[in-house]
Amino acid sequence: MIFASLMGTVAFIVRNMGLYVVLLHPFKFDVRWVFSLLAACWTGPVGGFISGFLAALKFPYPLIDLACIPVHFLVGLMARFFRKMNKSSIVACIFWPVFGVPAYLAMSLLFLRVDVFVLALALAFIGVSTSVIAMVVGYAVEKRTRILELLEGCYVV
């Protein structure tokens with residue numbers, strides 16, 4: 001849970017600093033999701049809840065980002081399922097847009113006055129791009145970790 005808290009705190013800091021990457025104007029990639037999604041994938045549902053909660057905090061507090069808390073929990077749950085099936089837990093990032101788009105769409109309909117069709121397409125684009133980037137980063141970290149573990153056993157003294 002320390003790792004989930006740390007990654008959630010990084011997501012919180014990144015969000016409140018306003019760091020974004022423009023994918024296709026006006027769509028922005030919110031960097032915080034990479035940290036919180038990786039925490040959910042590597043720590044499970046409770047860690048996902050913690051990292052999702054911290055990633056949702058913003059000053060001033062937006063109600064729409066509350067949707068990410070249960071979504072992170074579900075991504076962590078799916079990661080645990082994949083781990084039990086001897087698969088990489090990073091595959092659970094695929095479920096970020098699957099669970100996240102409907103959750104964010106529902107919150108947007110409650111609190112914003114927007115065109116539903118346009119919003120759904122924008123959320124799908126952002127959700128898929130976020131999950132792909134998080135998966136690439138996660139796979140790179142896991143591969144690097146495996147290489148370091150292999151090299152650790154190869155030291156000649």
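The values are calculated or read from the model by the stated rules, or taken from the named source; none is laboratory data. Not measured: the values here are computed from a predicted model. All Cβ positions, even for glycine, are placed from backbone atoms using ideal geometry, and neighbour counts span all protein chains on display.
In table form, for the structure just shown:
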quantity: Residue match in segment 29-42 (condition: aromatic (Phe, Trp, Tyr) and buried (at least 23 other Cβ atoms within 10 Å of the Cβ)); calculated: yes
quantity: The listed residue being surrounded by fewer than 17 Cβ atoms within 10 Å (Cβ to Cβ) and aliphatic (A, V, I, L, M), out of Ala103, Ala120, Ala134, Ala79; calculated: Ala120
quantity: Which numbered condition Ile69 misses (of (1) closer than 19 Å to Gly8 by Cα; (2) touching a residue at least 24 places away in the same chain (Cβ under 8 Å)); calculated: (2)
quantity: Pair list, Cβ under 7 Å, 6 or more apart: segment 14-34 residue more than 19 Å from Cys68 (Cα to Cα), other residue of a type outside the set (Lys, Arg) and in a loop (DSSP other than H, G, I, E, B); calculated: Val21/Val31
quantity: Some residue of segment 52-62 being in contact with a helix residue (DSSP H, G or I) (Cβ under 9 Å, 6 or more places away or on another chain), on the phi < 0 side of the Ramachandran plot, surrounded by fewer than 19 Cβ atoms within 10 Å (Cβ to Cβ) and without any contact (Cβ under 8 Å) to a residue 24 or more places away in the chain; calculated: yes
quantity: All positions within segment 72-89 that are touching a residue at least 40 places away in the same chain (Cβ under 8 Å) and either closer than 14 Å to Gly47 by Cα or touching a Ser or Thr at 6+ places or on another chain (Cβ under 6 Å) (or both); calculated: Ser89
quantity: Verdict on Cys68 being touching a Cys at 6+ places or on another chain (Cβ under 7 Å) and assigned to a helix (DSSP H, G or I); calculated: no
quantity: Number of positions in segment 51-67 that are under 12 Å from the mean Cα position of the chain (by Cα) and under 16 Å from Trp96 (Cα atoms); calculated: 5
quantity: Segment 1-41, subset closer than 21 Å to Val132 by Cβ, more than 11 Å from the chain's Cα centre (by Cα) and assigned to a helix (DSSP H, G or I), residue modelled with the lowest pLDDT; calculated: Arg15
quantity: All positions within segment 55-106 that are touching a Lys or Arg at 6+ places or on another chain (Cβ under 9 Å) and under 30 Å from Arg146 (Cβ atoms); calculated: Ala55, Phe81, Ser89, Ala92
